[in-house]
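Undergrad: What follows is a structure written as structure tokens; I'll ask about it next.
The values are calculated or read from the model by the stated rules, or taken from the named source; none is laboratory data. Worth saying up front: this structure is predicted, and the values here are computed from it rather than measured. No Cβ is skipped: glycine too gets one built from the backbone with ideal geometry, and neighbour counts run over all protein chains shown.
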Amino acid sequence: MKKSPNLFYLSLCALFIIFMIVWCGSIYGYLLVYLVSINFLSLLFYKIDKMISKVEGFRIPENTLLILGFLGGTLGAIIGQQLFRHKTTKKSFQMSFWFITIIQVSLVLWWFYGRS
């Protein structure tokens, strides 16, 4: 049975984000560093998966790309999809991705405008 590289890629993301947060050292910068990091990683993973798709080898699982978006990397994912023309025509992936995006936008709008 072939092992999924999902855990490996997510572990790399976690290590990079932890490094960036520790490096920042400021309570106020944690959220900003996290969001910049997760979006950068999301964009990078779309680029890597697109490059790998042109040759044979392990691909980054779709679940990993969706998890990165779910964890806050939605903007990086949107840029990566458009910039690299990757995962833009796969309907099942797009439905899942935009469902996550709509939930995130709804939560942000609720946070800023709906709380009283």
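Undergrad: Here are some residues: Ile38, Ile60, Ile48. Which one is modelled with pLDDT of 75 or more, under 19 Å from Leu83 (Cα atoms) and not in a helix (DSSP H, G or I)?
TA: Step by step, each of Ile38, Ile60, Ile48 is checked, and only Ile60 is modelled with pLDDT of 75 or more, under 19 Å from Leu83 (Cα atoms) and not in a helix (DSSP H, G or I).
Undergrad: Also, I was wondering about something else. Would you be able to say whether some residue in the stretch 52-62 is under 22 Å from Leu31 (Cα atoms) and either out of contact with any helix residue (DSSP H, G or I) (no Cβ under 7 Å at 6 or more places or on another chain) or of a type in the set (Gly, Ala, Ser) (or both)?
TA: no
Undergrad: Is it fair to say Phe84 is at pLDDT below 95, within 17 Å of the chain's Cα centre (by Cα), under 20 Å from Ser37 (Cβ atoms) and among the hydrophobic types (A, V, I, L, M, F, W, C)?
TA: Judged against the criteria, Phe84 is a match.
Undergrad: Sticking with this structure for a sec: Give the residue that is nearest to Leu65 (Cα to Cα), with candidates limited to residues of the stretch 7-28 that are exposed (fewer than 14 other Cβ atoms within 10 Å of the Cβ), aliphatic (A, V, I, L, M) and at pLDDT below 70.
TA: For the stretch 7-28, the residue satisfying everything is Leu7.
Undergrad: List pairs: first residue in the stretch 29-54 and surrounded by fewer than 16 Cβ atoms within 10 Å (Cβ to Cβ), second residue aliphatic (A, V, I, L, M) anywhere in the structure, Cβ distance under 6 angstrom, at least six positions apart or on different chains.
TA: Cβ pairs passing all conditions: Tyr30/Ile21.
Undergrad: Inside the stretch 84-103, can you point out the residues that are in contact with a Phe, Trp or Tyr (Cβ under 8 Å, 6 or more places away or on another chain) and either in contact (Cβ under 8 Å) with a residue 60 or more places away in the chain or on the phi < 0 side of the Ramachandran plot (or both)?
TA: Phe84, His86, Ile100
Undergrad: Residues of the stretch 75-104 being closer than 14 Å to Glu62 by Cα, hydroxyl-bearing (Ser, Thr, Tyr) and part of a helix (DSSP H, G or I), which ones?
TA: Ser92, Ser96
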